[in-house]
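Below: the structure, in C-alpha cells.
The values are calculated or read from the model by the stated rules, or taken from the named source; none is laboratory data. Quantities reported herein were computed from a predicted structural model and do not represent experimental measurements. Cβ placement follows ideal geometry from the backbone for every residue including glycine, while neighbour counts extend to all protein chains displayed.
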C-alpha cells in the first residue's frame, strides 16, 4: 500500500500470486467483464513462454539494473506490451521477433489470448465548447502534490455539509482494460485529470465526461496528477504542465493543454523501483518518492535479497534533471552471507518511500516516511520519519518508530530467503501532516501500519510528544494511504484486516473504520467502526485503506467493501453513502463497475466529488470506475 506498503502488503498477502493475477482468480466473472479474457489461458503451455525465456528473461529477471522486473510487465495490458516491442522502448531488442511472436510474448505476460480479446471502448472525444480549457481556473493547492492535509475549503469544494445528503452520480467512466483505479483525480481549468492502469492519462471535461485529450505513457499511473499552478486572476504565460509518476519508476511532465510528453526521467536504476506516492511540486522543484516491489521477488529462493533502497529525489520541474537524492537506507547493500541454497544475502535494504512528501516552508524541510527493511542487517532507517533539507537533500533529522522490522513474504512461503526473524511490516506510509496549533506552535502527525498515530515536535528534531494506539495493526492493517485534517481534528482511516505478518489470521476486524483524534494531545474524539462488511464476497472488507478527504464539517472515506461514505466531522455519523460496486452506465458506452476502494481518496472541487473505485490486490474487489457526484446529479 502506500504506504503501503499497503501496495506491497496487499500484494504479499496473496502469497506472491503474479501481481495482477491473484485477484483475477478470485473473481473470474468480473475479470471476464473487465478484460474479456479467456479464463482457461494456460501460460505454461503458451508459445510466448519460450520466447520470453529466450529473448527477455535474462534482463527482466533482475540481471539488468534498468530493466523492469517481470512482475511489472505482468501488470501491463497486452497492447502496451506489443507497442513497446514494436515501436516503443524495446523495439530494437525485439527486432528479431516477427509480429506473431511479439503478440505471443504479450499474451504470455498479460495472460490474455488476443484472438478473443476485445478492447473496451475508450473515452469519447469532446467537441465544441467542451474542448476549451478555462485558464482563469488554476488548480487549488489542496491534496497530494500540494498540501497532504487533504482539507478542501468551502470556496474550493463548492459544497457544504447540508449539500452532502443530496449527492447523486452525475457521470461515470469505465477505465478500459482495468482491474484497479489508483490515480487520484485533480480538477483544474474545468477539466478532470487522472491516470489509469493501462498508462493512459485523461483530461476529461468536468461537466460531461468527454475527453479533451488522452495520452498513453505505456505503464500504469498510480500517483495523482499534479497540475502546475499559477496566481488566480492571471493567465499563465505558457501552457501549464502536469506531473506524475508511473509503475516503472518514471517521472513525467506533460503539456496540460495537449497531453504532449515534455520530459520523462527514470528516477532509479533498480529493476523493481516504482513510484506510488504522488510527487510534490513546489517553487520549480518536483519532489519524487521512490518505492519498490523487490519485497515480492525476495520470496524466490534464487533471488539475492535484497538491494533496493528507498529514496526521495528532487527534480528540476522544467527539465526533469535530478538535483539531489536522499536515501532512506543510507548505506548501499553488500553481501552479508549465503542462504541455505547458496544465494547471496544482500543488505541493508528496503525503506521504501510510499508517502507523498510534505513541505515545511517555514523550516525549509521536506518530510517523508519509510517502510521496513527487506533483509538483514536491520538499521535505524526503517519505519522512520525523515526531515530533509529541501534545497540540498541533506538529512536534518530522523526518528525511527519501530526498530528491527525486517520483513518479506519469504517467511510466509518458507523460502530459503527467510534468513531473519519475522518482522511486522509496519511502514510509515501515509503522508506526514504539519498541523498548526495555538500560539504559533506546530506539530507533525504521523500514522503507521502498526495502528499507532504519533505527534512529533518539528522544532526539536521530531521529539515524540504523544502516541495513540487506534488500531491493532498488521501486515495489512493500521493506517495506509492517507489521513486528513480539519484544523486540529485529525481524521484517521484504519484497515485492520485479520491477516498478520506471519500469515496467521486474527478473529475480527478490530478497529476498522474512521477515527478522529486531537492533534495537540492524540486524544480520541470519536470512532466510527465497521464491525462487518456490507457484503459476503471474497475480499469484502469494512476497513478504510484509501486516503481520506475533508471539507468543512465532513470527511469522505472509500471503504474496501466498495462503499463510499461521508461522515459528520464532529460526531462520525454517516451523512451519505454510495455503493460503488453497483454497475453504473458510463459515458464510454459500457458499465463502470467499482470494487474495493484503496489508494487515492476523493477529489472535491466546483461542486463535484470525484473518486476512483477498484483495487485488485490481495483478493480485494477489482473494479474500473471513475465516479463523479454532484448535488442532485446536476
Members of the stretch 152-166 that are surrounded by fewer than 23 Cβ atoms within 10 Å (Cβ to Cβ) and not in a helix (DSSP H, G or I):
153, 158, 160, 161, 162, 163
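Can you tell me which residue among 56, 126 is surrounded by 15 or more Cβ atoms within 10 Å (Cβ to Cβ), under 24 Å from residue 268 (Cα atoms) and modelled with pLDDT of 80 or more?
56
This table checks each residue for (1) at pLDDT 95 or above; (2) more than 23 Å from the chain's Cα centre (by Cα); (3) within 27 Å of residue 181 (Cβ to Cβ).
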| residue | (1), (2), (3) |
| --- | --- |
| 507 | no, yes, no |
| 512 | no, no, yes |
| 526 | yes, yes, no |
| 538 | no, no, yes |
| 554 | yes, yes, yes |
| 561 | no, no, yes |
| 564 | yes, no, yes |
| 583 | yes, yes, yes |
| 596 | no, no, yes |
Can residue 222 be described as assigned to a loop (DSSP other than H, G, I, E, B) and more than 26 Å from residue 77 (Cβ to Cβ)?
no
Considering only the stretch 384-471, give the strands (runs of 3 or more DSSP E) lying wholly within it that have at least 2 residues that are within 30 Å of residue 336 (Cα to Cα).
384-389, 395-400
Only one of 346, 312 that is in a strand (DSSP E or B) and more than 24 Å from the chain's Cα centre (by Cα):
346
From (1) assigned to a loop (DSSP other than H, G, I, E, B); (2) surrounded by fewer than 23 Cβ atoms within 10 Å (Cβ to Cβ); (3) in contact (Cβ under 8 Å) with a residue 24 or more places away in the chain; (4) out of contact with any helix residue (DSSP H, G or I) (no Cβ under 7 Å at 6 or more places or on another chain), pick out the condition that doesn't hold for residue 197.
(2)
Quick check on residue 139: is it at pLDDT below 95 and surrounded by 20 or more Cβ atoms within 10 Å (Cβ to Cβ)?
no
Tally the residues that are touching a helix residue (DSSP H, G or I) at 6+ places or on another chain (Cβ under 8 Å), part of a loop (DSSP other than H, G, I, E, B) and crowded, with 16+ Cβ neighbours inside 10 Å, restricting the search to the stretch 521-551.
2
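Could you check, for the stretch 590-597, whether at least one of its residues is without any contact (Cβ under 8 Å) to a residue 12 or more places away in the chain, in contact with a strand residue (DSSP E or B) (Cβ under 7 Å, 6 or more places away or on another chain) and in the same structural domain as residue 623 (by TED's automatic domain parsing)?
Within the stretch 590-597, none of the residues are without any contact (Cβ under 8 Å) to a residue 12 or more places away in the chain, in contact with a strand residue (DSSP E or B) (Cβ under 7 Å, 6 or more places away or on another chain) and in the same structural domain as residue 623 (by TED's automatic domain parsing).
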Considering only the stretch 104-123, how many residues are buried (at least 23 other Cβ atoms within 10 Å of the Cβ) and over 27 Å from the mean Cα position of the chain (by Cα)?
1
Looking only at the stretch 153-180, how many residues end up being more than 27 Å from residue 197 (Cβ to Cβ) and under 26 Å from the mean Cα position of the chain (by Cα)?
3
Going by what's in this entry, would residue 300 be described as more than 19 Å from residue 268 (Cβ to Cβ) and surrounded by 15 or more Cβ atoms within 10 Å (Cβ to Cβ)?
yes
Complete set of residues in the stretch 123-143 that are touching a strand residue (DSSP E or B) at 6+ places or on another chain (Cβ under 7 Å) and part of a loop (DSSP other than H, G, I, E, B):
123, 124, 126, 133, 137, 138, 139, 140, 141, 142
Among (1) out of contact with any strand residue (DSSP E or B) (no Cβ under 8 Å at 6 or more places or on another chain); (2) touching a residue at least 24 places away in the same chain (Cβ under 8 Å); (3) surrounded by fewer than 22 Cβ atoms within 10 Å (Cβ to Cβ) - the single one residue 364 does not satisfy
(1)
Assess whether residue 85 counts as being more than 17 Å from residue 196 (Cβ to Cβ), at pLDDT 75 or above and surrounded by fewer than 21 Cβ atoms within 10 Å (Cβ to Cβ).
no
Residues satisfying the stated conditions in the stretch 104-146, i.e. under 30 Å from residue 235 (Cα atoms) and either free of Cβ contacts under 8 Å to residues at least 40 places away in the same chain or not assigned by TED's automatic domain parsing to the domain that holds residue 490 (or both)
128, 129, 142
Verdict on residue 247 being closer than 23 Å to residue 611 by Cβ, buried (at least 20 other Cβ atoms within 10 Å of the Cβ) and in contact with a helix residue (DSSP H, G or I) (Cβ under 9 Å, 6 or more places away or on another chain):
yes
Here is a list: 295, 329, 290. Which entry is surrounded by 24 or more Cβ atoms within 10 Å (Cβ to Cβ), in a loop (DSSP other than H, G, I, E, B) and in contact with a strand residue (DSSP E or B) (Cβ under 9 Å, 6 or more places away or on another chain)?
329
Suppose we keep only residues that are surrounded by fewer than 18 Cβ atoms within 10 Å (Cβ to Cβ) and without any contact (Cβ under 8 Å) to a residue 60 or more places away in the chain within the stretch 332-358. Which one would you say is farthest from residue 277 (Cα to Cα)?
342
